[in-house]
Amino acid sequence: MPFVEPVTLAQRGVQLVPLGLDHEAGLRAAAADGELWNLRVTGVPRPEETRGYIETALTMRAEGSRFAFAVLDELSGRVLGCTSYHDILPAVKRVEIGYTWYAKSVQRTHVNTTCKLLMLTHAFETLGCHVVGWRTDNFNFASQAAIERLGAKRDGVIRGHALRRDGTIRDTVMYSLRSGEWPEVRAQLLYLLDKPR
């Protein structure tokens with residue numbers, strides 16, 4: 001039995017559903033909203049690579065190393081982006097959250113905070129994780145700020161860790177959140193979602 005079972009998570013008008021090939025057109029449209037594939041520090045698929053991106057995610061799901069979600073607007077069904085549990089380590093009850101990107105029109109809205117609340121609640125309260133981690137490019141300052149806003153702790157930097165799409169070698173900034181920190185982080189996420197914008 002896989003550590004992460006298929007599940008749909010929903011709250012505040014945002015729905016996370018297991019990513020499938022039926023989301024291809026929606027993912028293409030979400031990525032086109034801002035031409036996100038042109039960002040140097042992310043792995044958003046180019047339009048012609050979208051099907052392969054989904055197929056890779058499904059292969060990784062079958063292997064137990066990644067569980068990808070399509071992020072949907074709950075009312076319209078519009079695909080807003082993608083996010084995943086990855087580097088799933090059942091023996092130590094650890095997952096990372098990543099492969100996350102959203103259409104430009106929903107960036108800096110409640111969508112990312114809601115997704116993280118859903119995924120963290122599921123990771124800590126359903127999967128029983130001890131640790132949830134994140135990793136990001138050392139030049140992806142927006143991602144680092146978003147992870148830090150969640151209350152995650154910066155663990156350090158792995159230098160010369162991975163290739164970017166353009167062939168350059170990136171340093172990777174690592175973050176984590178432990179289960180004992182979750183109640184305070186949960187309260188903060190709810191506060192951020194409930195405060196007037």
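Values in this text are rule-based calculations from the coordinates and carry no lab data. Worth saying up front: this structure is predicted, and the values here are computed from it rather than measured. With ideal geometry, Cβ positions are generated from the backbone for all residues, glycine too; neighbour counts draw on all protein chains shown.
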Quiz item: Which of the lysines could a cross-linker bridge to Lys93, judged by Cα under 25 Å and excluding same-chain residues fewer than eight apart?
Solution: Lys116, Lys153
Quiz item: Taking every DSSP beta bridge that has both residues in the chain, what percent is antiparallel when rounded to the nearest 5?
Solution: 90 percent
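Can you pull out the GluC sites (Glu not before Pro) in the stretch 1-54 whose DSSP state is coil and whose Cβ has at most 12 other Cβ atoms within 10 Å? Before the final figure, lay out the partial values.
Values: sites: Glu24, Glu35, Glu48, Glu49; in loops: Glu35.
Sites meeting the loop and neighbour criteria: Glu35.
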Self-check item: Mean projected area in nm² (Cα convex hull; one quarter of hull surface) for the chain
Solution: 10.8 nm²
Practice problem: Could you give me the percent of Cα pairs per 10 Å distance bin for the stretch 111-165, shortest bin first, beginning at zero and ending with the bin that holds the maximum distance? | Solution: 20, 47, 29, 4
Quiz prompt | Evaluated at q = 0.15, 0.28 Å⁻¹: base-10 log I(q)/I(0), Debye formula over Cα of the stretch 1-69 | solution = -0.56, -1.23
Quiz item: Most fluctuating residue of Gly43, Gly167, Gly180 in a GNM of the chain with Cα springs under 10 Å: which is it?
Solution: Gly167
Exercise. Order by neighbour count: His23, His161, fewest other Cβ atoms within 10 Å first, most last.
Key: His161, His23
